[in-house]
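The values are calculated or read from the model by the stated rules, or taken from the named source; none is laboratory data. For clarity, every value in this text was computed on a predicted model and none was experimentally measured. Virtual Cβ from ideal backbone geometry, glycine too; neighbours counted across all protein chains shown.
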Amino acid sequence: MAIKVGDKIPAATLKVPTADGIKDQSTEQLFGGKKVVLFSVPGAFTPTCSMKHLPGFVQQAAAIRAKGVDTIVCLSVNDAFVMGAWGKDQHVGDAIVMAADGNGEFARALGLDFDGSKFGMGQRSQRFVLVAENGVVTHLAVEAPGKFEVSSAEAVLKAL
């Protein structure tokens, strides 16, 4: 069953590339006491993710933060090295936390995973965005398969 508005973010540990190397970040560290926008993509370096989804959040990061958001997190079922390289490629700087869910455990805990095996991608996360305040989901928008409409930075700005 998928997470919904009013639910607490499940406990998990994600890998985050930093200037000091890859660090473990618990969901408590990422979400506790903060207002967080987390958007998830099916894969780093994939077309929609690289041409629209992540770039939109990079461009709108200041406007999103101006709405009281403390942290913006990009999540993908990729390893932390890939997420770090993608962040550099997309010039995210410190505007967005690039979080790796390498084994898809967090996506499964959210109930927002999917089987992309027929595309050669294995288990992945659905494309979605959520807003959480102090670890409780206040907004959730999950894309229909193959769509990019409700999880964009612009859609989040309207929801905030």
### Query
Looking only at the range 139-154, which residues are in contact (Cβ under 8 Å) with a residue 24 or more places away in the chain and in contact with a helix residue (DSSP H, G or I) (Cβ under 9 Å, 6 or more places away or on another chain)?
His139, Phe148, Ser151, Ser152, Ala153, Glu154
### Query
Can you pull out the residues in the range 1-54 that are more than 15 Å from Val82 (Cβ to Cβ) and part of a helix (DSSP H, G or I)?
Thr27, Glu28, Gln29, Leu30, Phe31, Pro47, Thr48, Met51, Lys52, His53
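Among the residues of the range 145-160, write down those that are assigned to a loop (DSSP other than H, G, I, E, B) and modelled with pLDDT of 90 or more. Quick ask: steps written out before the conclusion?
Initial filter on the range 145-160 (assigned to a loop (DSSP other than H, G, I, E, B)): 145-152, 160.
Within the range 145-160, Lys147, Phe148, Glu149, Val150, Ser151, Ser152, Leu160 qualify.
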### Query
Taking into account only those residues within the range 71-91 that are farther than 16 Å from Ala19 by Cα and among the hydrophobic types (A, V, I, L, M, F, W, C), which is farthest from the chain's Cα centre (by Cα)?
Val77
### Message
Please go through the range 134-144 and give me each residue that is buried (at least 16 other Cβ atoms within 10 Å of the Cβ), within 25 Å of Gly33 (Cβ to Cβ) and among the aliphatic types (A, V, I, L, M), ordered by number.
### Response
Val137, Leu140, Ala141
## Note on the structure
Filtering the range 36-54 down to residues that are within 16 Å of Phe114 (Cβ to Cβ) and of a type in the set (Ser, Thr, Tyr) yields Ser40, Thr46, Thr48
### Query
Given Val41, Val77, Val37, which one is touching a His at 6+ places or on another chain (Cβ under 6 Å) and crowded, with 22+ Cβ neighbours inside 10 Å?
Val41
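From the set of residues in the range 10-34 that are crowded, with 17+ Cβ neighbours inside 10 Å and of a type in the set (A, V, I, L, M, F, W, C), which is nearest to Ala132 (Cα to Cα)? Steps first, please.
Filtering the range 10-34 down to residues crowded, with 17+ Cβ neighbours inside 10 Å leaves 12, 14-17, 25, 27, 30-31.
If we keep only those that are of a type in the set (A, V, I, L, M, F, W, C) as well, we get 12, 14, 16, 30-31.
Values: Ala12: 15, Leu14: 17, Val16: 19, Leu30: 10, Phe31: 7 Å.
Among those that are crowded, with 17+ Cβ neighbours inside 10 Å and of a type in the set (A, V, I, L, M, F, W, C), it is Phe31.
When you go through Val58, Val92, Val137 one by one, which is the residue that is over 14 Å from Gly43 (Cα atoms) and in contact with an Asp or Glu (Cβ under 6 Å, 6 or more places away or on another chain)? Steps first, please.
On the way: Val58 fails: in contact with an Asp or Glu (Cβ under 6 Å, 6 or more places away or on another chain); Val92 fails: in contact with an Asp or Glu (Cβ under 6 Å, 6 or more places away or on another chain).
Answer to the selection: Val137.
Would you call Leu75 closer than 15 Å to Ala153 by Cα and not small (Gly, Ala, Ser)?
Working: closer than 15 Å to Ala153 by Cα: yes; not small (Gly, Ala, Ser): yes.
Yes.
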### Task
Select from the range 83-133 the residues that are touching a residue at least 40 places away in the same chain (Cβ under 8 Å), among the basic types (Lys, Arg) and either surrounded by fewer than 21 Cβ atoms within 10 Å (Cβ to Cβ) or in a strand (DSSP E or B) (or both) and list them in ascending order.
Arg124
